[in-house]
């Protein structure tokens, strides 16, 4: 409320300063163009019962000396004023009254640098037009004495400059807009007056209509913009669920309102992702601690048993074997953790080159044939006759295949079949791995690509839960796409890469085109 009152005060200062400046500027302009506006105001204030002012008499003489008696006669006729001017010797110099009117006219003596004059003025009662306009009275009052003009000019400039500065820095947007509209209208009025338009009633009526129209339109838009500002503040204060009803805004603001809604959605998604990231960080620390602590505890315990007195040679051999297994497990865990970290951060050196998917898959399947047999998994392969070439790093692509085959060995149901296939789909190569899970899939597909998430909740498997996380990171680095889905116990992983043509295929394509 305080800011609103101050804004109105600053606006009043600015408007008062502007009006005063315009009034003084108009007086100066009128002085250099023959005091026509002054004369008209003086004539409007004249009647039978009041003496015509000193300024009116002086102005009439100025018109005579400037040889503009025709203009003077037209103005006087308009307001029912009759005049006659004589020199000090009684010589008639100009008139627009009859001898009968001159008998009842009032006589005034006036001197100028060119001589002495006698001015006779008669006011026709039927055409008397006394005005009560504030502008007319103010104009006549100020211009009667020069010191009043000086005071008006100084006060107007101070109010104009001070009000403008305070308004720009401290006022409300609505008040700024209203003052801006008022300034535009005022400038138009000034140009109209300077162009010779003296029908002030019509002029100010049009100006008032324009001012009202612009004020209504501007107030509507400023209200809508203020609502958008409040919406942004709501989002900034943490209310990410806040949504703007775009339909309530005009066409010019619909995109703006829609973009604010998009910002709200983006902020909400960012907050959700941040919370999810924090949760995963906590789980990561817990899982790393658990997975490192388990083999490390075993290593310490078996080391103590080996060093314990009374331990037989057979027991030492058995403990050493367990110690070796746990050491290897700890080493593999640390290596996998480092590899997952590098893949996730992109701190790996890629050697992208054309790769034959069929050859790489067969090599990996041959290497894993023994492990698949031990897990009692029958692997079914399906490849097209044509070559499927993609751009990838052969080493990391093989690592992706190995991780997926390792998951099949660990988590597929014993005695079941698993499937590996590759096919061309439009301009894409799709590589699929399918298997029946021996344990229920109690995770979402997104969670399965997070670190240390295994295919079973009990954590009884020997895996470290980094396989699919590494696969996802390596796929992203090689511009591939990873998709996973589960249908009951059927688990499917699909790898998609853009298909590239070999040189022989390009030549064949060119020859067929010729």
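Structure above, values below:
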quantity	calculated
Sequence ranges 431-441, 488-498, 367-377, ranked by mean other-Cβ count within 10 angstrom, highest first	431-441, 488-498, 367-377
Estimated inter-spin distance, residue 488 and residue 65, nm [label 7 Å along Cα→Cβ]	11.7
Spin-label model distance (nm) - residue 9 vs residue 254, 7 Å beyond Cα toward Cβ	4.4
Length released on extending from residue 272 to residue 2, taking residue separation times 0.36 nm less the Cα-Cα span	93.2 nm
Segment residue 334-residue 311, extension gain: residue separation times 0.36 nm, minus the distance between their alpha carbons	5.2 nm
Estimated FRET transfer efficiency when R0 is 22 angstrom, pair residue 74-residue 135 (beta carbons, to 0.05)	0.55
Rough spin-label spacing in nm, given labels placed 7 Å along Cα→Cβ, for residue 263 and residue 246	1.6
Estimated FRET transfer efficiency when R0 is 45 angstrom, pair residue 380-residue 279 (beta carbons, to 0.05)	0.70
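Only the coordinates and a few stated rules stand behind these numbers; no lab work does. Remember, it's a predicted structure, so these values are computed and weren't measured experimentally. For neighbour counting, all protein chains shown are included, and Cβ atoms are generated from backbone atoms with ideal geometry for every residue, glycine included.
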